[in-house]
Amino acid sequence: MSFGLRLSDLRRKKGESLQQVADAVGVSKAHIWEMEKGRADNPSVALVSRLAEHYGTTVAFLVGEERADADPELQHMFRQATKLDPRERALLSDMMKSLLANRKARRA
């Protein structure tokens, strides 16, 4: 599936208009349409990043370089976690350990 088809599919699944996506990522409606139709040459990395963030997915997914078994939601959460400071990352790690321990206890 091409970049443009992925964009179009994500937009339709989210129930958004071209204008809503354009407003969310800071470009024109026409530019979104051109990208969806495969007529826009080399969108900037910054724009592709904003689109990935808007749709809660990864740049790799949008450009077709992500593994088929990768979970876009988990990839999105990982990208968000990279913005945390070391103390916040440690807290997140402790939370994950606690969640996994609780899950294991429920199964036992």
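The values are calculated or read from the model by the stated rules, or taken from the named source; none is laboratory data. All figures in this text were calculated on a predicted structure; none of them were measured in a lab. Backbone-built Cβ (ideal geometry, glycine too); neighbour counts: all protein chains shown. In case anyone asks, the SASA skips ligands and DNA or RNA and just uses the protein heavy atoms, side chains included. Shrake-Rupley method; radii C 1.70, N 1.55, O 1.52, S 1.80 Å.
Between F3, N42, H76, whose Cα lies farthest towards the positive end of the dipole of the chain when Lys and Arg beta carbons carry +1 and Asp and Glu beta carbons carry -1, centred on the Cα centre?
Sorting the options by dipole projection puts first H76.
Rank Q20, H54, A90 by how far each Cα sits towards the positive end of the charge dipole of the chain (+1 on Lys, Arg Cβ; -1 on Asp, Glu Cβ) and give me just the farthest.
A90
Would you mind counting up the charge near R11? Only other residues with Cβ under 15 Å from its Cβ, with Lys and Arg at +1 and Asp and Glu at -1.
Values: positive: R6, R12, K13, K14, K29, K37, R50; negative: D9, E16, D23, E34, E36, E53.
Overall, the nearby charge balance is +1.
Pull out a ≥ b ≥ c, the square roots of the eigenvalues of the alpha-carbon gyration tensor of the chain, then state rounded if a/c is under 1.5, prolate if not and a/b is larger than b/c, and oblate in the remaining case. Don't skip to the answer; put the middle values down first.
On the way: a/c = 2.69, a/b = 2.17, b/c = 1.24.
In terms of gyration-tensor shape, prolate.
Probe radius 1.4 Å, ligands and nucleic acids left out: which of M1, M95 has the largest accessible area, and how do the rest follow?
Numbers: M1 140, M95 100 Å².
So, going from the largest accessible area down, we get M1, M95.
How large is log10 of I(q)/I(0) for the stretch 37-93 at q = 0.13, 0.22, 0.28 Å⁻¹ when the intensity is taken from the Debye formula with one equal scatterer per alpha-carbon?
For the requested q values the scattering log ratios are -0.41, -0.90, -1.12.
So which GluC sites (Glu not before Pro) in the stretch 3-108 end up in coil per DSSP with only 12 or fewer other C-beta atoms within 10 Å? Don't skip to the end; give the middle numbers.
Values: sites: E16, E34, E36, E53, E65, E66, E73, E88; in loops: E16, E65, E66.
Passing both the DSSP loop test and the Cβ count: E65.
State to the nearest 20 debye the size of the charge dipole of the stretch 3-102 about its Cα centre, where the only charges are +1 on K and R beta carbons and -1 on D and E beta carbons.
On the way: 15 positive and 15 negative charges, 28 e Å.
Magnitude of the dipole: close to 140 debye.
Tell me the carbon and sulfur percent of the accessible area for the chain, rounded to whole percent, probe radius 1.4 Å. Don't skip to the answer; put the middle values down first.
Details: 4210 of 7630 Å².
That fraction is 55 percent.
Which trypsin sites (Lys or Arg not before Pro) does the stretch 10-108 hold that lie in a coil by DSSP with at most 11 other beta carbons within 10 Å?
Details: sites: R11, R12, K13, K14, K29, K37, R39, R50, R67, R79, K83, R87, R89, K97, R103, K104, R106, R107; in loops: K37, R39, R67, K83.
Sparse-neighbourhood loop trypsin sites (Lys or Arg not before Pro): R39, R67, K83.
For the chain, with every protein chain kept in place, what is the accessible area per residue (1.4 Å probe, Å²)? Please report the intermediate quantities before stating the final value.
On the way: 7630 Å² over 108 residues.
For the chain, the per-residue accessible area is 71 Å².
Roughly how many Å is it from the Cα centre of the stretch 7-48 to that of the stretch 79-98, as a whole number?
Cα centroid of the stretch 7-48 versus Cα centroid of the stretch 79-98: 32 Å apart.
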